[in-house]
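The values are calculated or read from the model by the stated rules, or taken from the named source; none is laboratory data. Note that the structure is predicted; figures quoted are calculated from it, not measured. Every residue, glycine as well, gets a Cβ built from its backbone with ideal geometry; the counts of neighbours run over all protein chains shown.
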Number of protein chains: 2
Amino acid sequence: MAVSGEGKASRVFVKNLGRDVLCAASKTFLDCLREAGISIRADCGGIGECGKCRIVVEKGVASPLTDSEKRVLGSEDISKGFRLACQAKVVDGDYIVSVPHESLVQRYASADIGFERAVPLNPLVKKVFVSVNPASLTDVTADLDRILDELSKKTLAGDYDVDVHAARIAPEALRSGNWSVTVVLWRNKVLSIEPGDTTNSIYGIAVDIGTSKIVAHLVDLVKGETIAVESMPNPQASYGADIISRIAYASRDREGLEKLQKLVVSAINMLIEKMSLRANVDRNRIYEVVVAGNTAMHHIFLGINPRYLGTSPYVPAVRRGVYLYAKEIGVNINERGIVYALPVVAGYVGSDALADAVAVGLRDCDAPCLLVDIGTNSEILFNTGREILACSTPAGPAFEGATIEFGMRAVVGAIDQVFIYFDRSIGDYNVRYNVVGNAKPIGICGSAMIDLIANLYRNNLIDYRGRFREDIKTKRIVVDNGKKKFVVAWSHETGVGRSITVSGKDINEFLLAKAAVASGINILLKHANISANDLQKIFIAGSFGTHINIENAMAIGLLPKADARKFVFVGNTAISGAKMALKSSEIRREFEDLAKSIRYIELSAHPLFKQEFVQALYLPRQR
Amino acid sequence: MAVSGEGKASRVFVKNLGRDVLCAASKTFLDCLREAGISIRADCGGIGECGKCRIVVEKGVASPLTDSEKRVLGSEDISKGFRLACQAKVVDGDYIVSVPHESLVQRYASADIGFERAVPLNPLVKKVFVSVNPASLTDVTADLDRILDELSKKTLAGDYDVDVHAARIAPEALRSGNWSVTVVLWRNKVLSIEPGDTTNSIYGIAVDIGTSKIVAHLVDLVKGETIAVESMPNPQASYGADIISRIAYASRDREGLEKLQKLVVSAINMLIEKMSLRANVDRNRIYEVVVAGNTAMHHIFLGINPRYLGTSPYVPAVRRGVYLYAKEIGVNINERGIVYALPVVAGYVGSDALADAVAVGLRDCDAPCLLVDIGTNSEILFNTGREILACSTPAGPAFEGATIEFGMRAVVGAIDQVFIYFDRSIGDYNVRYNVVGNAKPIGICGSAMIDLIANLYRNNLIDYRGRFREDIKTKRIVVDNGKKKFVVAWSHETGVGRSITVSGKDINEFLLAKAAVASGINILLKHANISANDLQKIFIAGSFGTHINIENAMAIGLLPKADARKFVFVGNTAISGAKMALKSSEIRREFEDLAKSIRYIELSAHPLFKQEFVQALYLPRQR
């Protein structure tokens, strides 16, 4: 039970979540529920304008309805007991409330984790404890064969792949283990032989190599539990911020590839080091690293020249999953440990996108469902009900702030949420915004750009082409060098000494990026002759997607119009999918099957491409 | 047709060999047949004493019978047309002769080759030529998968083991081969992908790592032909002449093992270099090296610490065949080439002995048959008809001349054959000997020791215990420091300025070694309750065995008494067996099966050992 505030406290029971919360009198329900860890939406920042924080007060008497509530909720919802959590205050006595699904923020707080289907634990690395009779003059069976004979008896399997390493270590393992050893298997390959019984100690690592960030999870493969999570920026960034420049660098010569490979390997080694220290795990007991990443990161990590990813027709060197000894590329785990790189789908649909699909169970959707991972390069996977289609759209860096005057990434000082409303108290449009890290704003990140454009459009400040309307008078639209700009934050509010604005050109750049994603989604839908209404679920994967406002994304046409409840934020499912593969050989089979069966659609070669792209440049008609 | 000598020539047709030979008149049949390359035995050196060079003159008139012939052949053989080839001379006209099997020397001239059963060509390394459609925007299948899909179509096999290397090389191979490549497979493992069609170029190497000598053969695995043979002394010799000292050196520390391993690897690399230069073969087209050797050599070559071979119960680290990438230990073939070490049977029955058994087809004998590889360490394998038994006898270095006063290896200057007879012309015993390399004698090698002891015994100069008899008077027995010695070569004949002699102690040392081998054979025979008479064949393998005189070896009891025709000299079958395994995966299976099924008998632990060894110290009763 959480206590919110001081003084007299009321008990608020959130029925549909089964949670009891203590609330100080005169606090809003929004504040006290949030303080108890229940994340309730409030796009406008809690000023009674957006209507996203609706709750139902089923029992107990709250403060009277405010004017905002009357305007925003409408009489029908009011009659059903709906209130705005940001307006309704606790008065006295006990309450029973329910928070509708759509009022909850269902996002992953950290970009290092994601949704993960439960899978039965069946890793490729297995250990078998074997106890044998000591060698004697009347039983001179060779050490390794003595072990393997007993192993076969125990497992009822025989055809183990044994290379010379096992022979090198068997004699000492047997004798220092007093004729009892643990055989470490990877598939049917004998990886190692350890003295004594070490069967309770099997660890593995899942890694997602992103262009800008590397995330790693350390997993106890006996218990199936994640015991450490770490991430760090991809150090390759100093050799190119985006995939294309990395490909160019790595393709130039052998040294370029080796340099980028070493950078990512040493980063992964740092993450392994940190996690194993924190979880107190001996690195020699980590036997496998399963890696997801976009195809360029995948190639560079494996020492495969990514040259042909950079030129049409953009084919990868390999689609299927490949393995190698960790030692071969210097990954610091058990000296016989394996690195397994998950399969990719195409040159720009990597194993990270495939991991997204596997993590959410895209293959098993009952009805058509869509998965979108928005970024500089956005991947779209679409289970049509008959097959899975995939495409990739080069949205460009607008989502990350490049090409936008005040654009920036979602780091401290970035405005990441915006709400525009007509403020009756001043008789003009006003803006509420949220800043990452509670700092003075210094720029605008992609999620705020979505909010901005959606809000400008909703308030009729821009037209369907994204141009400022001539007929609207507001102090927020200023003219700078003959160009109109909308003031998001006045200079006195910002950390940059001048107003933070968004121009017609900024909006246009952003709409180009949005058109890339939207046209990709539309082409896949049309290709399968399925309308957005028929979609059962729309999974939003990845860091950027996790932070966008779905209604606003729909309003600008970035995402197809659908019931908001169909959208599911799944977070970093690239790492979740990799972790599932680490834990389950069946999942690995699913990866291979999917990689092979997914139909890749090359958008630039699709007959609908031009038409769809041009159409997607516009903002959709409003309800 | 070979012409022998000058002047008038007779035509001699050797019926049973189908050979026509031209012989000058007045030459002996021995000389002219030998000059035509037909190796006829003459243990006494061609003085009409030993009776080994018997031939039958079926047509034509040769020189009259000599006294020697009358004495040695006996009337029955004479009536059948037998002559001694060293006595009978060509006179005039044409001849038809036949040379009985037992009169022919059936030995391998070089210790680098041996008997080899014919096997169907089915190497583990295979190549498949694959031609694919070029990648395009409408067919973006990944390079490696494009190749493997087509490969599977062609071979109707699917489950290839593909590691990251194939992915690294596929893109360039495809493009420089204009979308046609050759896939190199080792079992189901994709070793490499080469541009264009290289299917007519597959080479492999067989190696026998002996304690004192390394032999290698280069084989064209498309045609199944041996195209080069090379050998060199094992450079490890400077770290110990025998196995035990090598084991000690390699067990001392990691550096010791690495040093010995590097020595043998660089020796093998030299042999590979020489052979590939001579046969004009690109080393990148050599994909596999199959290695045989005694267990200690096997372990050291593979980087396995041989420590436990040196102490009871002498178990190897591994029995089964093991593989590794040639690159891992620095063997210079294709960078993805494989080194496959054939399985061993026991600590002192290595893959060389197993290769002997495979090469001669020991498993497929219809009746009991024996294989003996005599050396410092002698291996005996015995197919009893129900199972194959194996043992190893540490004969010690006497066969190689150590512990014998004038003992030496069979190098230039060594007396390698000896014949003792009562010379009527001088009224005393006389000696004929052969010297390796036509030099003045400087010592006696093992094969001559066998001849010496057998001849001394046959002529009643020594008794069944190997002691000089008191009752015999001959100038050949001299007394030196109170010890009797038999003069093999008088000082004026030798290259050492004094007489070369053999003492009672020398004989005794040699009999100890012979007892080790003989008791091993006898224990195996008794273990299976089979008498020497029941043996169908006795294979004599290895360099030392190839040079011994079978009758003499039987006379001293080194080999069991049997019809001389049952003995088959098979030469260096260690290399032949390795070569068969290189050429045939079925043979490799036979190796594995045999290694597993052969019953190893530890002689020192056998209940019959003491009794048999003591008995074998004596010379057997003469006929």
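Quick notes on this structure:
- Residue tally, condition closer than 14 Å to B:Tyr249 by Cα and within 11 Å of chain A (Cβ to nearest Cβ), over region B:290-310: 9
- Only residues that are touching a residue at least 12 places away in the same chain (Cβ under 8 Å) and part of a loop (DSSP other than H, G, I, E, B) were counted across region B:360-404, and they come to 17.
- Condition broken by A:Thr211, with the remaining ones in (1) part of a loop (DSSP other than H, G, I, E, B); (2) closer than 23 Å to A:Gly310 by Cα; (3) modelled with pLDDT of 95 or more satisfied: (3)
- The set of residues in region B:131-140 being more than 7 Å from chain A (Cβ to nearest Cβ) and in contact with an Asp or Glu (Cβ under 7 Å, 6 or more places away or on another chain) consists of B:Val132, B:Asn133.
- Across region B:256-282, the qualifying residues are those that are surrounded by fewer than 18 Cβ atoms within 10 Å (Cβ to Cβ) and over 30 Å from B:Ser378 (Cα atoms), and the one among them that is farthest from the chain's Cα centre (by Cα) is B:Asp282.
- Of all residues in region A:327-356 being hydroxyl-bearing (Ser, Thr, Tyr) and in contact with a Pro (Cβ under 8 Å, 6 or more places away or on another chain), the one that is nearest to the other protein chains (Cβ to nearest Cβ): A:Tyr348
- Strands (runs of 3 or more DSSP E) contained entirely in region A:79-134, each with at least 2 residues that are within 30 Å of A:Asp208 (Cβ to Cβ): A:125-131
- Which numbered condition A:Lys583 fails, given (1) buried (at least 16 other Cβ atoms within 10 Å of the Cβ); (2) under 23 Å from A:Pro397 (Cβ atoms); (3) charged (D, E, K, R): (2)
- Inter-residue pairs, beta-carbon under 6 Å, first within 11 Å of A:Asp145 (Cα to Cα) and facing chain A (nearest Cβ under 7 Å) and in region B:313-326, second among the hydroxyl-bearing types (Ser, Thr, Tyr) and assigned to a helix (DSSP H, G or I), 6+ apart: B:Val315/B:Tyr308; B:Pro316/B:Thr295
- Region B:596-618 residues that are farther than 27 Å from B:Ser351 by Cβ and touching a residue at least 60 places away in the same chain (Cβ under 8 Å), paired with ones that are among the small types (Gly, Ala, Ser) and surrounded by 15 or more Cβ atoms within 10 Å (Cβ to Cβ) (beta carbon under 6 Å, 6 or more apart): B:Glu612/B:Ser519; B:Phe613/B:Ala515; B:Phe613/B:Ser519; B:Ala616/B:Ala515; B:Ala616/B:Ala518; B:Ala616/B:Ser519; B:Leu617/B:Ala515
- Condition check for A:Ser152: within 14 Å of chain B (Cβ to nearest Cβ), touching a strand residue (DSSP E or B) at 6+ places or on another chain (Cβ under 7 Å), surrounded by fewer than 19 Cβ atoms within 10 Å (Cβ to Cβ) and among the small types (Gly, Ala, Ser): no
- Residues that are aromatic (Phe, Trp, Tyr), within 39 Å of the chain's Cα centre (by Cα) and assigned to a loop (DSSP other than H, G, I, E, B), drawn from region A:147-196: A:Tyr160
- The listed residue being under 21 Å from B:Phe422 (Cα atoms) and either assigned by TED's automatic domain parsing to the domain that holds B:Asn434 or under 31 Å from the mean Cα position of the chain (by Cα) (or both), out of B:Glu49, B:Glu35: B:Glu49
- Sole exception among (1) of a type outside the set (S, T, N, Q); (2) touching a Ser or Thr at 6+ places or on another chain (Cβ under 6 Å); (3) under 22 Å from B:Asp356 (Cβ atoms) for B:Val184, by number: (3)
- Test result for B:Ile420, surrounded by 24 or more Cβ atoms within 10 Å (Cβ to Cβ) and either part of a helix (DSSP H, G or I) or outside the structural domain of B:His547 (by TED's automatic domain parsing) (or both): yes
- Meets criteria (of a type in the set (Gly, Ala, Ser), modelled with pLDDT of 95 or more and within 21 Å of the chain's Cα centre (by Cα)) for A:Ser392: yes
- Residue check, A:Thr199 modelled with pLDDT of 95 or more and under 35 Å from the mean Cα position of the chain (by Cα): yes
- Residues of region B:450-479 satisfying the condition of being part of a strand (DSSP E or B) and under 15 Å from B:Lys514 (Cβ atoms): B:Ile462
- Residue within region B:156-170 that is facing chain A (nearest Cβ under 9 Å), under 19 Å from A:Ala296 (Cβ atoms) and not hydrophobic (A, V, I, L, M, F, W, C) present: yes
- Of all residues making up region A:44-78, the number that are of a type in the set (D, E, K, R), buried (at least 17 other Cβ atoms within 10 Å of the Cβ) and outside any loop (DSSP other than H, G, I, E, B): 2
- Residue selected from region A:73-107 under the condition of a type in the set (Val, Ile, Thr) and modelled with pLDDT of 90 or more, by the criterion nearest to A:Phe567 (Cα to Cα): A:Val99
- Of the strands (runs of 3 or more DSSP E) lying entirely inside region A:480-571, the ones with 3 or more residues being under 22 Å from the mean Cα position of the chain (by Cα) are found at A:537-541, A:567-571.
- The set of residues from region A:171-184 being at the interface with chain B (Cβ under 9 Å from one of its Cβ atoms) and surrounded by fewer than 21 Cβ atoms within 10 Å (Cβ to Cβ) comprises A:Glu172, A:Arg175.
- Checked against the criterion of being over 15 Å from A:Pro306 (Cα atoms), among the acidic types (Asp, Glu) and out of contact with any Lys or Arg (no Cβ under 7 Å at 6 or more places or on another chain), the candidates A:Glu225, A:Glu258, A:Glu230 yield just one match: A:Glu225.
- Applying the set (1) farther than 30 Å from A:Asn434 by Cα; (2) at pLDDT 95 or above to A:Val61 leaves exactly one unmet item: (2).
- Looking across region B:44-72 at every residue that is in contact with a Pro (Cβ under 9 Å, 6 or more places away or on another chain) and hydrophobic (A, V, I, L, M, F, W, C), the one that is farthest from B:Arg565 (Cα to Cα) is identified as B:Val56.
- Qualifying residue in region A:149-170 (condition: within 26 Å of A:Glu586 (Cα to Cα), touching an Asp or Glu at 6+ places or on another chain (Cβ under 8 Å) and modelled with pLDDT of 95 or more): no
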